[in-house]
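Read the structure below first, then the notes.
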Amino acid sequence: MENLEGLEGLDGLIEQAPEFFMTYGLKALAAIVIFIIGKYFAGVAKRLTIKVLNSRKVDATVVSFVANLAWALVFVFTIIATLGQVGVQTASLVAVIGAAGLAVGLALQGSLSNFASGVLMVLFRPCRVGDFIEAAGVAGVVDEITIFSTRLRTGDNKVIIAPNSAIMNGTITNYSALEKRRIDLTIGVSYTADIAVTKKVIADVLDSNQSVLKDPGYTIGLAELADSSINFVVRPWVSTGDYWPTRFELLEQIKNALDAAEIEIPFPQMDLHVKEVPAK
């Protein structure tokens, strides 16, 4: 009798299998399709946002941030629609998320802080994509500002991912914000050198360099009577993009010009006086 009852139960399951697969299989298939299509449209929304904002010549920093935000919003709606298709009550899900919002917020304080800092960076623009900055203990060119982090590229081509909150909560030094920068050089010459001649030699180098700006003018002044040399400060202005190439050029040109004028650039030295000790 038990065997007969088992067979009857198995027959019942076999009979219900088509109905089961028709009901839940189609829902699962529809959920997969919704997820794939939604993920595709998330990418489309991101690319379309970038295209529209670029056509309006919006700043690259804003374009990157808004595009990532658009992708995230579409993807979240896709997840909710997928869960609703498989039978999850989305209204209940939203209620649960709302009830758990405080706990989630406490658990994700860092992420929420990074998101808020990202919004502030887009609104106030302390730096933009392409700027060379020093912040959060690192320095590099800003490649991208995302929802939670900022991507920096260093001079030796390393990638640094810095949290947005670490950047906004600290001091930001933006070397690319203004069109002009001043080069500060210290040139030391021998005490035997003529001050007026030395200043003229340095001035001739600055006047002949095409990258040195005429407005504002440069400064050459005697700054210090040091232990082994008299030190001049040399402060020309250049375009921001020409800062490092011009700095390297000026150091080389000033050294060659001083050598040609037979003006010595001394190295640190010390005079040692040996005092004779009388024999016992």
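Residue by residue, here is whether (1) surrounded by 15 or more Cβ atoms within 10 Å (Cβ to Cβ); (2) of a type in the set (S, T, N, Q); (3) modelled with pLDDT of 80 or more holds:
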| site | (1), (2), (3) |
| --- | --- |
| E2 | no, no, no |
| M22 | no, no, no |
| A31 | yes, no, no |
| F41 | yes, no, yes |
| L53 | yes, no, yes |
| R56 | no, no, no |
| T61 | yes, yes, no |
| N68 | yes, yes, yes |
| F77 | no, no, yes |
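Looking only at residues in the stretch 227-236 that are surrounded by 18 or more Cβ atoms within 10 Å (Cβ to Cβ) and not small (G, A, S), the one that is farthest from R182 (Cα to Cα) is I230. Annotation: of all residues in the stretch 200-226 being acidic (D, E) and surrounded by fewer than 12 Cβ atoms within 10 Å (Cβ to Cβ), the one that is nearest to L258 (Cα to Cα) is D207. Would a scan of the stretch 242-262 turn up a residue that is within 30 Å of the chain's Cα centre (by Cα), surrounded by 11 or more Cβ atoms within 10 Å (Cβ to Cβ) and among the basic types (K, R)? Yes; the residues of the stretch 242-262 include at least one that is within 30 Å of the chain's Cα centre (by Cα), surrounded by 11 or more Cβ atoms within 10 Å (Cβ to Cβ) and among the basic types (K, R).
Tell me, please, whether a residue that is of a type in the set (A, V, I, L, M) and in a loop (DSSP other than H, G, I, E, B) can be found in the stretch 238-246. Spell out how you get there, then give the answer.
Taking the stretch 238-246 first, the residues of a type in the set (A, V, I, L, M) are 238.
Keeping just the survivors that are in a loop (DSSP other than H, G, I, E, B) gives none.
No, every residue in the stretch 238-246 fails to be of a type in the set (A, V, I, L, M) and in a loop (DSSP other than H, G, I, E, B).
Within the stretch 116-134, is even one residue over 22 Å from L69 (Cα atoms) and touching a residue at least 60 places away in the same chain (Cβ under 8 Å)? Scanning the stretch 116-134 turns up no residue that is over 22 Å from L69 (Cα atoms) and touching a residue at least 60 places away in the same chain (Cβ under 8 Å). The test for being part of a strand (DSSP E or B), surrounded by 16 or more Cβ atoms within 10 Å (Cβ to Cβ) and modelled with pLDDT of 90 or more holds for I187. Of all residues in the stretch 154-181, those satisfying the criterion of being without any contact (Cβ under 8 Å) to a residue 40 or more places away in the chain and in a strand (DSSP E or B) are V159, I160, I161, A162.
Right, S228: among the polar types (S, T, N, Q), modelled with pLDDT under 95 and touching a strand residue (DSSP E or B) at 6+ places or on another chain (Cβ under 8 Å) or not? Lay out the reasoning, then the answer.
Details: among the polar types (S, T, N, Q): yes; modelled with pLDDT under 95: yes; touching a strand residue (DSSP E or B) at 6+ places or on another chain (Cβ under 8 Å): yes.
Against the criterion (among the polar types (S, T, N, Q), modelled with pLDDT under 95 and touching a strand residue (DSSP E or B) at 6+ places or on another chain (Cβ under 8 Å)), S228 qualifies.
With K180, K255, K199, K214 as the choices, which residue is over 30 Å from F124 (Cα atoms) and in contact with a Phe, Trp or Tyr (Cβ under 8 Å, 6 or more places away or on another chain)? Full working, then the answer.
Numbers: K180 fails: over 30 Å from F124 (Cα atoms); K255 fails: in contact with a Phe, Trp or Tyr (Cβ under 8 Å, 6 or more places away or on another chain); K214 fails: in contact with a Phe, Trp or Tyr (Cβ under 8 Å, 6 or more places away or on another chain).
Result: K199 is the single residue among K180, K255, K199, K214 that is over 30 Å from F124 (Cα atoms) and in contact with a Phe, Trp or Tyr (Cβ under 8 Å, 6 or more places away or on another chain).
With the checklist (1) in the same structural domain as N256 (by TED's automatic domain parsing); (2) not in a loop (DSSP other than H, G, I, E, B) in hand, flag the one item T192 doesn't pass. Going through (1) in the same structural domain as N256 (by TED's automatic domain parsing); (2) not in a loop (DSSP other than H, G, I, E, B) one by one, T192 breaks only (2). Being at pLDDT below 90, surrounded by fewer than 18 Cβ atoms within 10 Å (Cβ to Cβ) and under 26 Å from K46 (Cβ atoms) narrows it down to one residue among S113, S117; which is it? The match here is S113. Here G155 meets each of (1) out of contact with any helix residue (DSSP H, G or I) (no Cβ under 7 Å at 6 or more places or on another chain); (2) within 15 Å of W244 (Cα to Cα); (3) of a type in the set (G, A, S); (4) surrounded by 14 or more Cβ atoms within 10 Å (Cβ to Cβ) with one exception, condition (4).
The values are calculated or read from the model by the stated rules, or taken from the named source; none is laboratory data. Keep in mind that this is a model prediction, so the values were computed, not measured. Heads up, the Cβs are rebuilt from the backbone with ideal geometry, glycines too, and the neighbour counts pull from every protein chain shown.
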